[in-house]
Amino acid sequence: MTVQLTEDNSKNLNGDAHGDARSIGRALVICPDVRRTGGGAPSRRRGADSQLAEAVGLTAAINLEVAHSETVKLARVIPSSFMGRGVIERFKDLIEALEVDIVIVDTALTPVQQRNLEQQLSAKVIDRTGLILEIFGARAQTHEGSLQVELAALTYQRSRLVRSWTHLERQRGGHGFLGGPGESQLEIDRRLIDQRIARLKKELESVKRTRGLHRKARKKVPYPVVALVGYTNAGKSTLFNRLSGGTAYAEDLLFATLDPTMRSVTLPSGHQIILSDTVGFISQLPTQLVASFRATLEEVAEADVIMHVRDISHPESDAQNADVLGVLAEMGLDPDQRRLEILNKIDLLRPDEKDVVAARVARDVDTVALSAVSGEGCDTLLDRLAELLSEARSYQQYRLDLADGAALAWLYAHGKVVDRAEQDHHAVIGVSLDPADVSRFEHRFRIKSLGKTQDSPPHR
């Protein structure tokens, strides 16, 4: 048995989009701690307590009541059922005693392992990938988000469908090319899934083209784009609301944000930016989701600045940082792309921990410590962001008619006028401008720069 992520099932399992408080079942959360992997090397896992807490948080995110949670130390993985018979028998008794409906296993299970565990435990079993897909299916609000989740779910289900029907292949009959009832059902289901996947990919390609057109339109009258990225529940949406005055959904909940949101923000310098809130990342993020959300994540790749928001109060903050950087690398982001590291939730730190963070910020100009909840440090962030964007400014010279007050006023409002010379009812203005503002000015007033631009204004 596997989790079907149809629209009706998602609504039935999860209630409303952001989850109501009603429990829809009792869950047993198992977090395996395998000492050795199949190749004989020690497994690479985070702290057991932190990993278990995250698994419990993911389970609670779909309104399941956690009846019991436990980290299980395993010497090795059993190919057929992942866990040994003794461990399974113990959990079976616990499931009956606690009246558990669903068992969450915080690892990736093969279809065979999942099916065998369900049979031996007499309960529905969901692995980490299936659980994350359930959350995404419940939270996606836009048409695009729903398409992306459905594509990921069908890709996940396709492999399980193929394997879960292998017992019917023994019923094969006919003369090789003509299968029996088992093979026929398998082929029909595979064909239906493949057809739906093909349609979804076609629709998402259309979404990708539309996003490309939107980016091209923004470049004609452009503002710098600043994208917020980070581990799930790092506080991105809270910071987004703090800086933009927006009302994006922000809760102490894993994957509170799935659909990207953009807002215009005016910096203290007077410059405007477009701030983008994006989906949070997580360890062992299913590859199906990374592939399906690639169209959305391209907004990050196209951003002028990336702000990596970290929950510096979390005990596994460094491991979460590595996970996010890994996903960004998988997306093929330019390592030289301008980034700011935001150490969020300093309000949760002890005084000695704050001192350590302050020393770290003092050493790195591209690191800012703040609290999105209290607002502490947010002004510093805006100032540093303005400085970072200003570093990319170029020196331009324009010859303007003195009667063209609108163009003159625009340059003074959006740039830093370095020099000005007047002659024959014209003014030659030397101004330092953001690349985006250069394009905006020249497009709006149909005026081209004089000569070759320089990386910085000349010394006066």
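The values are calculated or read from the model by the stated rules, or taken from the named source; none is laboratory data. As the structure is a prediction and not an experimental result, all values here were calculated from the model. Cβ placement follows ideal geometry from the backbone for every residue including glycine, while neighbour counts extend to all protein chains displayed.
Listed values, structure above:
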{"quantity": "Residue in segment 407-426 that is at pLDDT 90 or above, over 30 Å from residue 235 (Cβ atoms) and in contact with a Ser or Thr (Cβ under 9 Å, 6 or more places away or on another chain) present", "calculated": "no"}
{"quantity": "Criterion: at negative phi, touching a Pro at 6+ places or on another chain (Cβ under 9 Å) and surrounded by fewer than 22 Cβ atoms within 10 Å (Cβ to Cβ) - qualifying residue of 113, 120, 141", "calculated": "113"}
{"quantity": "From 284, 337, 288, residue being over 12 Å from the mean Cα position of the chain (by Cα), at pLDDT below 95, within 30 Å of residue 212 (Cβ to Cβ) and outside any helix (DSSP H, G or I)", "calculated": "337"}
{"quantity": "Residue in segment 376-386 that is over 30 Å from residue 350 (Cβ atoms) and either surrounded by 14 or more Cβ atoms within 10 Å (Cβ to Cβ) or in contact with a Lys or Arg (Cβ under 6 Å, 6 or more places away or on another chain) (or both) present", "calculated": "yes"}
{"quantity": "Number of the condition not met by residue 331 [criteria: (1) surrounded by 13 or more Cβ atoms within 10 Å (Cβ to Cβ); (2) modelled with pLDDT of 90 or more]", "calculated": "(2)"}
{"quantity": "Criterion: surrounded by 12 or more Cβ atoms within 10 Å (Cβ to Cβ), more than 26 Å from residue 281 (Cβ to Cβ), modelled with pLDDT of 80 or more and β-branched (Val, Ile, Thr) - qualifying residue of 197, 193", "calculated": "193"}
{"quantity": "Within segment 364-382, considering residues that are part of a loop (DSSP other than H, G, I, E, B) and of a type in the set (Asp, Glu), the one farthest from residue 307 (Cα to Cα)", "calculated": "376"}
{"quantity": "Options 39, 25, 15; residue that is at pLDDT below 50, out of contact with any Pro (no Cβ under 7 Å at 6 or more places or on another chain), surrounded by fewer than 18 Cβ atoms within 10 Å (Cβ to Cβ) and on the phi > 0 side of the Ramachandran plot", "calculated": "15"}
{"quantity": "Meets criteria (of a type in the set (Lys, Arg) and at pLDDT below 90) for residue 139", "calculated": "yes"}
{"quantity": "Single unsatisfied condition, residue 132 versus (1) part of a helix (DSSP H, G or I); (2) at pLDDT 90 or above", "calculated": "(2)"}
{"quantity": "Single match in 248, 295 (criterion: touching a Phe, Trp or Tyr at 6+ places or on another chain (Cβ under 7 Å) and either modelled with pLDDT of 85 or more or assigned by TED's automatic domain parsing to the domain that holds residue 329 (or both))", "calculated": "248"}
